[in-house]
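Enquirer: Mind having a look at this structure? Questions to follow.
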Amino acid sequence: MNKEIDEIYRLYAEDVYRFIFKLSRNESLSRDILQDTMLKAVINFDKFNGKCSVKAWLCTIARNEYYNYLKRAETQNASLDDAGTASENSFEEKIMDSAQAVHIHKMIHLLDEPYKEVFSLRVFAELKFSDIGAVFDKSENWARVTFFRAKEKLINIMKKEEES
């Protein structure tokens, strides 16, 4: 089992770190969440059902760990804006802009499932549509359509927010 865990860490730690860093834009926090993610993966390794790739499973754990951090930080009134100014460019640039990251995540939480999950797996975990479909036991085409609809819903939410 230790060899398997070492191999998983060696193969996926860098990808999971980059995924977390894209969410947080904070190196220290990303390293902490990576360690928490790997610990949870080791503890829950027997629960991995193989319906998705190991990378998708680890990124899902990492995303949940990051969201838990955000919730804890919000309840402690901690400042989550580390750097940057808001971009007024395209939707994709706003997603990647660290100054708006927390705000975007709050808007993502306004989406219903599975839109929320599909959007996060595609944008933040950079998973292929085929892997996303596998996570949900659906087709690649289902994942594409669901992502497109999620993106459209987020754009509408953003437009309504700008109008008010």
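The values are calculated or read from the model by the stated rules, or taken from the named source; none is laboratory data. Since we're looking at a predicted model, the values are computed, not measured. Backbone-built Cβ (ideal geometry, glycine too); neighbour counts: all protein chains shown. For accessibility, only protein heavy atoms count, side chains too; no ligands or nucleic acids. Shrake-Rupley method; radii C 1.70, N 1.55, O 1.52, S 1.80 Å.
Enquirer: Select from region 106-164 those GluC sites (Glu not before Pro) which occupy a DSSP coil region and have at most 16 other Cβ atoms within 10 Å, ordered by residue number. List each step's numbers first, then the result.
Expert: Details: sites: GLU117, GLU126, GLU140, GLU152, GLU161, GLU162, GLU163; in loops: GLU126.
Answer by residue number: GLU126.
Enquirer: Cα gyration tensor of region 15-67, axes a ≥ b ≥ c as square roots of the eigenvalues: rounded (a/c below 1.5), prolate (a/b > b/c) or oblate? Write out the running numbers ahead of the final one.
Expert: Values: a/c = 2.64, a/b = 1.76, b/c = 1.50.
Here region 15-67 falls in the prolate category.
Enquirer: Let me ask you something else. Let me know the shape class of region 114-164, please: from the alpha-carbon gyration tensor, a ≥ b ≥ c as square roots of the eigenvalues, rounded when a/c is under 1.5, otherwise prolate if a/b is greater than b/c, or oblate.
Expert: Numbers: a/c = 3.39, a/b = 2.42, b/c = 1.40.
Cα axes put region 114-164 in the prolate bin.
Enquirer: Distance check, please: which entries in LYS47/LYS116; LYS40/LYS128; LYS3/LYS116 exceed 31 angstrom between their Cα atoms?
Expert: Details: LYS47/LYS116 23 Å; LYS40/LYS128 24 Å; LYS3/LYS116 35 Å.
Over 31 Å Cα-Cα: LYS3/LYS116.
Enquirer: Give me the accessible area per residue for region 119-160, probe 1.4 Å, as a whole number in Å².
Expert: 53
Enquirer: Please report the net charge: other residues with Cβ closer than 14 Å to the Cβ of GLU140, K and R +1, D and E -1. Don't skip to the end; give the middle numbers.
Expert: Values: positive: ARG122, LYS128, LYS138, ARG144; negative: ASP131, ASP137.
Overall, the nearby charge balance is +2.
Enquirer: Also, I was wondering about something else. With every protein chain present, what is the per residue accessible area of region 1-78 (1.4 Å probe, Å²)? Please report the intermediate quantities before stating the final value.
Expert: Details: 4740 Å² over 78 residues.
Per residue, region 1-78 has 61 Å² of solvent-accessible surface.
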